[in-house]
Amino acid sequence: FKPDLILVSTLSQEFGLSVYLLRIAKEYDKDIPTLMGGRHCYSDPDGALSEGSIDMICIGEGEKPLSELIECLSEKRDYTRIQGLWVKREGKVYRNKLNSYFKDLDTLPYLDLSIYDERQFYRIFMGKIYRSVDYVWKRGCFEKCGYCQSEIVQEWHQGDRSMRAYSVERAIEELEFLKEKHQLEFVRFHDETFLAVPAKVLESFAQQYQERVNLPFVVDAAPQTVSKIKVELLKEAGCQSISLGCESGNEEFRYKVLNKRVDNKTVTKAFLMINEQNIRTVMFVLIGFPFERREYIEDTIKLCRNANVASPNIGFFYPFKGSKLRGVAEKNGWFDPNIEVNGTAQYGRNRPLVSNPNITPEEYLGIFRTFLFYCKLPEEMFDEIREAETDENAYKRVRDLYLSLNRIK
């Protein structure tokens, strides 16, 4: 097998693996051109292109520049001036203008999942294995959260926060095709915020999805986009779970530091509306932020309890390149970029990566492993749970009690 072009799309946490694979390819044949795309290239274009195994990067959406590149390669024409590509050649870097967002998604071909190993289709949800697919109906995000790289993507596109979507008919047709071709049993929508769409459009999508696709599915959404009618539409269409990103339960911290502009009343109302429809609720929670205090995490626990969140999902903040909070962490000496191998995040959700003068790493790890207990067990057990943060025997007692109660339910 001797490919004419090797491409990889990478998020920051995948950059090290991508480079590892590309170096193997270059050892095989250094003359095969390599192109990297994905969000990491928005965040660190020069760093990515300084890697010897990468010949080109794509900043922006790649459908148009990739098509042009393939034409140039097949016709042996110069490709150093293609919009959307930065090309490294003979010691010089051609930094071409960025393409605008790809607008007409309906012109794109269907996903070709036949290139993947069959085992990639099998996923677990709530203890059952399904043949599942990942699908994106809409592109974009309207939020500018300080811990996320979405804002730097928006800055590259002159602050454009617009949402773009396949037409309802086009999306349903593709999902019908994928269901039949791959015997699918489940759909995981990866829209950054699935409900950022008018209710009338969602109604059309939900009705046609139920009639023509009729598979259980899960989505992510922003709390401020949740409404009673939208949740009812998702329930009728077969939605099994809705995940909402809240990160912190302290409103002031969420607004001023995280730049996530939604209040606790809206968050709580959104979760309760979803619970009323017997759809599983997931709250995305992050800890380990600059300036964070223990009482802010306690506010998050209160929010989870008040909103009756079924599945709190906790992880540690990582200062991704390009994010505002990375700059804050570096400026204050709370994050050492030298821990990053190959110029990228060695991403881990199970440990603190930012030094915080308010909370020790040991205390963070104790909170992390007991967070679910705080959210689910009676408040009169909080002293015992606090002990379980650092004492292994206390932890086992609380864990066993939690598991026994969970089995009874």
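The values are calculated or read from the model by the stated rules, or taken from the named source; none is laboratory data. Model, not experiment: these values are computed from the prediction. Glycine also receives a Cβ, built like all others from the backbone with ideal geometry; neighbour counts cover every protein chain displayed. To get the accessible areas, we keep the full protein, side chains included, count just its heavy atoms, and leave off ligands, DNA and RNA. Shrake-Rupley method; radii C 1.70, N 1.55, O 1.52, S 1.80 Å.
Of all the Cα-Cα pairs you can form in the range 1-102, what percent are over 21 Å apart? Before the final figure, lay out each step's value.
Values: 1402 of 5151 pairs.
Tail of P(r) above 21 Å: 27 percent of Cα pairs.
Cysteine residues of the chain whose C-beta has no other cysteine C-beta under 4.7 angstrom: Cys41, Cys58, Cys72, Cys141, Cys239, Cys246. Partner lysines whose Cα lies under 19 Å from the Cα of Lys30, excluding those fewer than 8 positions away in the same chain, are identified as Lys2, Lys76, Lys88, Lys92. Across the chain, the mean sequence separation of Cα contacts (distance under 8 Å, 6 or more residues apart), normalised by length, yields a relative contact order of 12 percent. Between the residues Gln120, Ala310, Asn393, the greatest Cα displacement towards the positive end of the dipole of the chain, with unit charges on the Cβ of Lys, Arg, Asp and Glu, is found for Ala310. Spatial offset of the range 2-24 relative to the range 213-263 amounts to 33 Å, using the alpha carbon center of each.
Quick check: residue separation of Ile32 and Ile129 times 0.36 nm, minus the Cα distance between them. What number comes out in nm? Present the calculation step by step, with values, prior to reporting the outcome.
Values: separation 97, 0.36 × 97 = 34.92 nm, distance 3.91 nm.
Length difference between fully extended and current span is 31.0 nm.
Label positions at Phe102 and Glu169, each projected 7 Å from the Cα along the C-beta direction, are separated by 2.2 nm.
Which translational diffusion coefficient, to the nearest whole µm²/s, is obtained for the range 235-343 from the Stokes-Einstein equation, given a Kirkwood hydrodynamic radius over C-alpha pairs, 10 °C and 1.306 mPa s? Walk me through the numbers before you get to the answer.
Working: Rh = 15.2 Å.
Using the Kirkwood radius from Cα pairs, D works out to 104 µm²/s.
If I take R0 = 56 Å and measure r between the Cβ atoms of Ala394 and Glu75 in this structure, what FRET efficiency does the formula 1/(1 + (r/R0)^6) give, to the nearest 0.05? Mind dumping the intermediate values first?
Details: r = 70 Å, r/R0 = 1.24.
Working from the Cβ atoms, E equals 0.20.
If you take every DSSP beta bridge whose two residues both sit in the chain, what share of them, in percent to the nearest 5, is antiparallel?
On the way: 14 of 43 bridges.
So the antiparallel bridges amount to about 35 percent of the total.
At an R0 of 25 angstrom, the distance between the Cβ atoms of Asn332 and Ser50 translates into a FRET efficiency of 0.40. The angle separating the long axis of helix 361-376 from the principal Cα axis of greatest extent in the chain is about 70 degrees. Pull up the DSSP beta bridges for the range 80-230 and report the antiparallel fraction as a percent, rounded to 5. Looking only at bridges with both residues in the range 80-230, the antiparallel portion is about 60 percent.
Against the chain, whose longest principal axis is taken from its Cα atoms, helix 228-237 shows a tilt of about 70°.
In terms of its alpha-carbon gyration tensor, the range 54-165 comes out oblate; a/c meets the 1.5 threshold, while b/c is at least as large as a/b. With R₀ set to 56 Å, the beta-carbon distance separating Ile24 from Arg407 gives a calculated FRET efficiency near 0.75. Residue-wise HN-Hα couplings along the range 88-98, as the Karplus relation 6.51 cos²θ - 1.76 cosθ + 1.60 with θ = phi - 60° gives them from phi, are 9, 8, 6, x, 10, 10, 9, 9, 7, 4, 7 Hz; Gly and Pro carry x. The lysines whose alpha-carbon is closer than 23 Å to the alpha-carbon of Lys128, local same-chain residues fewer than 8 away aside, are Lys179, Lys181, Lys235, Lys409.
Using a 1.4 angstrom probe, figure out how much accessible area the range 1-130 has per residue, in square angstrom, rounded to the nearest whole.
Values: 7850 Å² over 130 residues.
Result: 60 Å² per residue.
Over the range 246-334, how many pairs of lysines fall under 23 Å by alpha carbon, counting only those 8 or more apart in sequence or from different chains? Lysine pair count for the range 246-334: 14.
Among Arg161, Arg212, Arg280, the largest mean-square fluctuation in a Gaussian network model of the chain, built with springs joining Cα atoms closer than 10 Å, belongs to Arg212. Between helix 294-306 and the chain there is an angle of about 80 degrees, using the helix long axis and the longest principal axis of the Cα atoms. Packing-based ranking of 189-195, 45-51, 126-132 yields 189-195, 45-51, 126-132, ordered from highest to lowest mean Cβ neighbour count within 10 Å.
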